[in-house]
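Beneath this line is the structure, given in structure tokens, with notes to follow.
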Amino acid sequence: MPPVVVFDGLLSLIQVAVTIVAFRLLPFALYAALRMDGLPRSQVIVLMGLFVSAASATYLVNPGGMLPLLSSTMALGYFACVGVAFHYVRRSRPADFGRQAAVFLLAVTCYFAVPALAMPRWIAPLILLEGWELIFSSYSYAVDSPEIESSLGEGLFFLLVNPVLVFPMRGSAVPPGEQARLPRAVGRVLQGAIVICAQGAVLSILSYCYARGLLLKNLSEVDGAATYARFIAYYVGQCLSLYAVHAGVASIEIGCMAVLGYRIPERYAYPFAAATPLEFWSRWNTYLGDWLRRHVFFPVVMSFRRRRSKATPATVMGVLAVFATIGILHAAVPLASQARAGSASFVALTLVFVVHGTALLVWEAIRRATRERFARVGMDPRLRGVTLLGSWVLLRHLNAILAWVAIPVMARGTLPPELSRIW
């Protein structure tokens with residue numbers, strides 16, 4: 001691959017990364033501008049300065065990137081109007097299942113279906129990703145703890161600014177004496193921006209290695225164990241780059257919330273350091289995990305416990321319901337943003353998450369069975385440690401094993417190119 005082509009590809013990816021950074025800073029900058037009289041001057045200056053810097057960088061590397069930011073500003077105005085409606089929906093205290101289901105369908109329609117139909121195709125994915133999270137936070141705001149009084153301003157802050165998805169928001173205000181840690185919060189924002197931009201460089205390296213034949217991304221090119229390893233390595237790099245984007249965006253949000261005086265938990269708590277699949281999913285996107293645990297897992301488990309006396313079937317159905325729900329919601333983004341994304345891609349991506357849920361259940365069943373067996377026979381603690389080490393090593397290959405299930409489906413072209421590039 002000629003160096004000029006590599007440079008152009010890297011520049012294009014950096015343009016996208018800088019636009020993502022500016023897009024994530026936009027809600028905080030608008031909040032600071034609207035609350036200029038009520039916030040400390042240092043917070044307003046920092047947030048506005050960060051956004052202006054990101055927007056200026058976007059204009060320098062890609063002047064056309066200012067149009068998505070303008071469209072995002074207009075979309076946030078629409079989302080704010082919908083948020084006002086959900087504030088008054090919350091005051092009606094929807095408690096029964098039918099009304100709560102209606103609230104969720106209203107959130108899907110307002111935050112997802114309407115933007116998918118009204119937004120141009122080139123900006124729809126970016127707006128839909130924002131609306132995707134607003135579905136969860138709006139539903140939680142409308143049905144969780146309705147007895148807790150909150151003003152319209154507090155509700156819009158939770159919906160449009162705070163990244164936490166369960167109301168009341170999980171986090172705490174930073175004491176006034178700790179406001180001197182503002183440089184640390186700014187450093188967290190810059191760290192996230194650097195990680196997102198570095199992800200573009202990683203993708204450029206992957207493309208270069210593929211062009212030189214060092215890595216493979218098409219299943220038709222695999223003819224043996226060595227080439228299959230290069231095929232898997234390419235998609236492992238893609239997955240790591242996707243994690244870098246998620247972690248970078250989370251760092252920006254956590255840093256901006258710290259600038260405003262709020263301490264919120266980590267969204268990605270080093271998931272690849274997990275020792276079991278259950279621990280991995282407990283560390284991955286903890287905000288969404290809290291929402292799924294509260295609004296999918298526990299209701300399904302309690303529903304089955306009312307009909308069955310045993311807890312195991314209820315837990316199994318709860319886990320599968322969680323993974324099926326999140327698979328459907330993930331698959332809805334490419335289906336709504338790309339006209340050519342059909343039912344095959346929707347089913348394929350949903351099944352990927354169901355496979356993850358099934359693997360988690362199998363792993364936990366084996367772990368509990370072996371643990372009880374060890375306790376009965378009084379296994380030597382040193383031998384038990386060797387067994388745990390073996391399970392830790394197997395976990396490192398679990399995602400690769402699941403990739404062997406999912407990647408061939410994607411490589412055959414059943415998913416749209418945009419989603420295939422993400423994987």
* Structure fact -> Taking the range 177-206 and the residues there that are at pLDDT 80 or above and farther than 30 Å from residue 29 by Cα, the one that is surrounded by the fewest Cβ atoms within 10 Å (Cβ to Cβ) would be 205
* Structure fact -> Selection over the range 114-131 where residues are out of contact with any helix residue (DSSP H, G or I) (no Cβ under 6 Å at 6 or more places or on another chain) and at pLDDT 80 or above yields a count of 1
* Structure fact -> For residue 259, the lone unmet condition from (1) touching a Phe, Trp or Tyr at 6+ places or on another chain (Cβ under 8 Å); (2) free of Cβ contacts under 8 Å to residues at least 60 places away in the same chain is (2)
* So which residues in the range 267-290 are acidic (Asp, Glu) and more than 15 Å from the chain's Cα centre (by Cα), if there are any at all? -> 279
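Among helices (runs of 4 or more DSSP H) lying entirely in the range 21-135, which contain 1 or more residues that are among the aliphatic types (A, V, I, L, M), under 30 Å from residue 328 (Cβ atoms) and out of contact with any His (no Cβ under 6 Å at 6 or more places or on another chain)? Step through it out loud before you land on a result.
Values: elements: 41-61, 66-91, 97-108, 114-118.
Result: 66-91, 97-108, 114-118.
The values are calculated or read from the model by the stated rules, or taken from the named source; none is laboratory data. Everything numeric here is computed off the predicted structure, so don't read it as measured data. Ideal geometry is used to build each Cβ from the backbone, glycine not excepted, and the neighbour counts take in all protein chains shown.
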